[in-house]
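Since the structure comes first, as structure tokens, the remarks are kept for the end.
The values are calculated or read from the model by the stated rules, or taken from the named source; none is laboratory data. The shown structure was predicted, so the numbers you read here are calculated from the model rather than taken from an experiment. Positions of Cβ are backbone-derived with ideal geometry, glycine not excepted, and every protein chain shown enters the neighbour counts.
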């Protein structure tokens, strides 16, 4: 029997990329998205338009906090599994608007899980974030590390989501996997993140802002590697009750080196404006992916240079560039 997968946040960067992968494997995919204003709606509409060419894809515009909508979707489409990617993202924006993040991430996930309980949907994969680890010197970050010292509202909401998910798994016999993503980039990448901003601004001979001294580092993970991990998590979640798994590249890159890589790929020198590090930014992220290797046969394949080259090729193919 063909499996029906509900993907929340299906119009976004990771959501639409994930939907493409499952459609290639003949899943029936239901995409849900509320077109959050974090970046222009037309970008997400373009993602959905490309997915809609496949007869196995159905798109529904709706908000996770609309309980009657979620109930209706789960009942109408006989969903087997959920890949929950819908969320408000971004550390810096969460500091300015914390209540928006609490509503979208904590309340939205709680409503989704409650309606899954009522509809007897037992297999759920939930996107979390490396930000839950907060500021720490010990690397790599392990799933067993303490996550009770987040330094942004966004990180706090993701930590709360994990706790709520674990509770539902125990109480209601749900098979739940939490995937902690580490700085995802690639084609269709979010326009509010550094990879797109830097490529766009360097190409347009516009200045880029470097927050801090350039020594901060991030575990950049290419989108296809993340989607591979998601795909295996969906296939295997029924094997365990509750698991938290890092999906990263396990190779942190310093900000100054990251900028140099983009300069080399674009073929232009960046005009760098240096500013102080922003509140909520951590010094480094680095995933211990041994658990992902063991449970998901996860093996990231795309090094930073190759991933940025693919992102640059995609950027050049855009008919309309969105400013950043």
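From the list 268, 301, 278, exactly one residue is touching a residue at least 40 places away in the same chain (Cβ under 8 Å) and surrounded by fewer than 13 Cβ atoms within 10 Å (Cβ to Cβ). Which is it?
Working: 268 fails: surrounded by fewer than 13 Cβ atoms within 10 Å (Cβ to Cβ); 278 fails: surrounded by fewer than 13 Cβ atoms within 10 Å (Cβ to Cβ).
None of the other options fit; the residue is 301.
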Worksheet item: Of all residues in the stretch 238-253, which are out of contact with any helix residue (DSSP H, G or I) (no Cβ under 9 Å at 6 or more places or on another chain) and surrounded by fewer than 15 Cβ atoms within 10 Å (Cβ to Cβ)?
Response: 238
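Can you say whether residue 123 is surrounded by fewer than 23 Cβ atoms within 10 Å (Cβ to Cβ), more than 24 Å from residue 229 (Cα to Cα) and in contact (Cβ under 8 Å) with a residue 12 or more places away in the chain, as far as the supplied structure shows?
Values: surrounded by fewer than 23 Cβ atoms within 10 Å (Cβ to Cβ): yes; more than 24 Å from residue 229 (Cα to Cα): no; in contact (Cβ under 8 Å) with a residue 12 or more places away in the chain: yes.
No; evaluated as a whole, the condition is false for this residue.
Look at residue 188 and say whether it is at pLDDT 95 or above and either in contact with a helix residue (DSSP H, G or I) (Cβ under 9 Å, 6 or more places away or on another chain) or at negative phi (or both). Let's see the steps before the verdict.
Working: at pLDDT 95 or above: no; either in contact with a helix residue (DSSP H, G or I) (Cβ under 9 Å, 6 or more places away or on another chain) or at negative phi (or both): yes.
So residue 188 does not fit the description; no.
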Worksheet, complete the sentence: residue 72 fails exactly one of (1) surrounded by fewer than 16 Cβ atoms within 10 Å (Cβ to Cβ); (2) within 28 Å of residue 236 (Cα to Cα); (3) in contact (Cβ under 8 Å) with a residue 60 or more places away in the chain, namely (3)
Worksheet entry | Listing of strands (runs of 3 or more DSSP E) fully contained in the stretch 180-295 that carry 1 or more residues being under 20 Å from the mean Cα position of the chain (by Cα) | 242-247
Worksheet, complete the sentence: Filtering the stretch 78-102 down to residues that are assigned to a helix (DSSP H, G or I) and either surrounded by 16 or more Cβ atoms within 10 Å (Cβ to Cβ) or free of Cβ contacts under 8 Å to residues at least 24 places away in the same chain (or both) yields 91, 93, 94, 95, 96, 99, 100, 101, 102
Worksheet item: Are any residues in the stretch 281-298 loosely packed, with under 14 Cβ neighbours inside 10 Å and in contact with a helix residue (DSSP H, G or I) (Cβ under 8 Å, 6 or more places away or on another chain), and if so, which ones?
Response: 297
Practice prompt. Determine whether residue 158 is crowded, with 21+ Cβ neighbours inside 10 Å, in contact with a strand residue (DSSP E or B) (Cβ under 9 Å, 6 or more places away or on another chain) and not in a loop (DSSP other than H, G, I, E, B).
Written response: yes
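Suppose we filter 162, 143 for residues that are farther than 24 Å from residue 253 by Cβ and either touching a residue at least 60 places away in the same chain (Cβ under 8 Å) or in contact with a helix residue (DSSP H, G or I) (Cβ under 8 Å, 6 or more places away or on another chain) (or both); which single one remains?
Working: 143 fails: farther than 24 Å from residue 253 by Cβ.
From the options 162, 143, the qualifying one is 162.
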Response to the item:
Given (1) touching a helix residue (DSSP H, G or I) at 6+ places or on another chain (Cβ under 7 Å); (2) in contact (Cβ under 8 Å) with a residue 40 or more places away in the chain; (3) in a helix (DSSP H, G or I); (4) under 23 Å from residue 185 (Cα atoms), residue 32 misses just (3)
Fill in: Residue within the stretch 143-151 that is surrounded by 24 or more Cβ atoms within 10 Å (Cβ to Cβ) and either modelled with pLDDT under 95 or not in a loop (DSSP other than H, G, I, E, B) (or both) present
no
